Amino acid sequence: MLRPQFVLFGDSLTQQSFDPAGGWGASLADAYARKADVINRGYGGYNTRWALKMLTRIFPQTAEPPRLVTVFFGANDAAIPGRLGERQHVAIPDYVDNLRTIVQHLQQLRAGSILLITPPPVSDQGRVKYNCELQGVTEVTQIPERTNAFTGQYAEACKSLASELGLPVLDLWGLMQQERDWEAELFWDGLHFTSKGNAVVYKHLQALVDEQFPDLRAEDMAYDFPHHSKFDPANVDAAFQ
C-alpha cells in the first residue's frame, strides 16, 4: 500500500516548517510517520504571483493527486508598497485571484483535500527591531515593511475566498493573537515562527485537519506495512498477504 501524500505549499513559513527544533511541518510528519508522506514545498520570499510560475511543475497533471494540500501564502504579498520589500507586494485582488487559480488547479487534479492558511500576524515592533539589526542602524526610515493591520487585510481576503469556495481555512492571523505575549513568544523577527510559534501552528492545524477531514486523523490511519509484532518468524510472508 502506497502512502498518501500531504503537500505543504507556501513561502518561507512553510519552507522553515521542517526545522528540527519543532517545526510545524516536522511535527506533522512525525504524527503521520508510516501513514502519510508529508512533503515540503515551501519557497522563501515567494508571493502568490511567483508561486503560479511553478504551480504545474509542483503539481503536474501526470502525478498521483495528493491526499491533502495546505496552501499558505500572503506574508510576502502583504509587503507594503513604497517600503523595504515592496518587490514582493501583490495587491489584494490579485492575491485572491492567484489563490483561486492555485485551488482550481488542485481541484482539476482531484486533490483529496485542500486547506487554506491565512498569513499569520506581524509584530510591528519585531520587524522594526529586526530590520535595524539587519542594516546595522538604530533608526530605519520606511519601516516596518510589513504591519499587522495591513497583513490582516490579506488574512480576511483569504478567509473570504475559503468561504466562497467552500474550503476550510486556518485563521492563524486571528488565532495566534489570542496567545499570551504572542509578539515576543511566537516570532523571532516579527514574522517567522519561534519553536513556540511552530507549536501553536501545529496544534491548530492538526485540530482543523481532524475536524474537517476525519478520515485523515493520524490515530485512525493504517501503517503502510504490517507492524513487526505481526511477524511469525517461521512465516514472515504471511503478514504481507
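If you take the residues of the range 114-140 that are aliphatic (A, V, I, L, M) and within 29 Å of residue 214 (Cβ to Cβ), which of them is surrounded by the most Cβ atoms within 10 Å (Cβ to Cβ)? Per the stated criteria, the residue is 117. When the residues of the range 70-84 are narrowed to those that are out of contact with any Lys or Arg (no Cβ under 7 Å at 6 or more places or on another chain) and under 16 Å from residue 119 (Cα atoms), which ends up surrounded by the fewest Cβ atoms within 10 Å (Cβ to Cβ)? Only one residue fits best here, namely 71. Scanning the range 141-152 for residues that are surrounded by 15 or more Cβ atoms within 10 Å (Cβ to Cβ) and either at pLDDT below 95 or not in a loop (DSSP other than H, G, I, E, B) (or both) turns up 143, 144, 145, 146, 148, 150, 151, 152.
With respect to the conditions (1) more than 20 Å from the chain's Cα centre (by Cα); (2) free of Cβ contacts under 8 Å to residues at least 40 places away in the same chain, residue 127 falls short on a single one, namely (2). If you go through the range 155-171 and keep only what is of a type outside the set (Gly, Ala, Ser) and buried (at least 22 other Cβ atoms within 10 Å of the Cβ), you end up with 158, 170. With respect to residue 175, is the statement that it is under 14 Å from the mean Cα position of the chain (by Cα), surrounded by 17 or more Cβ atoms within 10 Å (Cβ to Cβ), assigned to a helix (DSSP H, G or I) and among the hydrophobic types (A, V, I, L, M, F, W, C) true? No, not satisfied.
Listed by first and then second residue, the pairs linking a residue in the range 163-177 that is within 19 Å of residue 75 (Cα to Cα) to a residue that is assigned to a helix (DSSP H, G or I) and small (Gly, Ala, Ser), with Cβ atoms under 6 Å apart and 6 or more places separating them unless they lie on different chains, are 169/162; 173/152; 173/155. Within the range 199-212, being more than 18 Å from residue 73 (Cβ to Cβ) and either touching a residue at least 24 places away in the same chain (Cβ under 8 Å) or among the acidic types (Asp, Glu) (or both) holds for 199, 200, 202, 206, 209, 210, 211, 212. Within the range 178-215, the only residue that satisfies the criterion of being among the aromatic types (Phe, Trp, Tyr), under 11 Å from residue 121 (Cα atoms) and in a helix (DSSP H, G or I) is 182.
What residue, among those in the range 89-109 that are over 21 Å from residue 56 (Cα atoms) and not aliphatic (A, V, I, L, M), is surrounded by the most Cβ atoms within 10 Å (Cβ to Cβ)? Result: 89.
So that you can scan it fast, the table gives a plain yes or no per residue for (1) under 20 Å from residue 187 (Cα atoms); (2) of a type in the set (Ser, Thr, Tyr); (3) surrounded by fewer than 18 Cβ atoms within 10 Å (Cβ to Cβ):
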{"position": "10", "(1), (2), (3)": "yes, no, no"}
{"position": "14", "(1), (2), (3)": "yes, yes, no"}
{"position": "21", "(1), (2), (3)": "yes, no, yes"}
{"position": "25", "(1), (2), (3)": "yes, no, no"}
{"position": "29", "(1), (2), (3)": "no, no, no"}
{"position": "38", "(1), (2), (3)": "no, no, no"}
{"position": "45", "(1), (2), (3)": "yes, no, yes"}
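Within the range 229-240, does at least one residue satisfy the condition of being on the phi < 0 side of the Ramachandran plot, in contact (Cβ under 8 Å) with a residue 24 or more places away in the chain, acidic (Asp, Glu) and out of contact with any helix residue (DSSP H, G or I) (no Cβ under 9 Å at 6 or more places or on another chain)? So far as the range 229-240 goes, no, none of its residues is on the phi < 0 side of the Ramachandran plot, in contact (Cβ under 8 Å) with a residue 24 or more places away in the chain, acidic (Asp, Glu) and out of contact with any helix residue (DSSP H, G or I) (no Cβ under 9 Å at 6 or more places or on another chain). Taken over the range 25-41, the residue count meeting the criterion of being farther than 20 Å from residue 112 by Cβ and either touching a residue at least 24 places away in the same chain (Cβ under 8 Å) or touching a Pro at 6+ places or on another chain (Cβ under 7 Å) (or both) is 2.
For beta carbons closer than 9 Å, sequence separation of 6+ or different chains, a first residue in the range 2-19 that is on the phi < 0 side of the Ramachandran plot and free of Cβ contacts under 8 Å to residues at least 40 places away in the same chain and a second that is of a type in the set (A, V, I, L, M) and surrounded by fewer than 21 Cβ atoms within 10 Å (Cβ to Cβ), the qualifying pairs are 18/26; 18/29.
The values are calculated or read from the model by the stated rules, or taken from the named source; none is laboratory data. Computed from a predicted structure; not experimentally measured. As a convention, Cβ positions derive from the backbone with ideal geometry for all residues, glycine included, and neighbour counts pool all protein chains shown.
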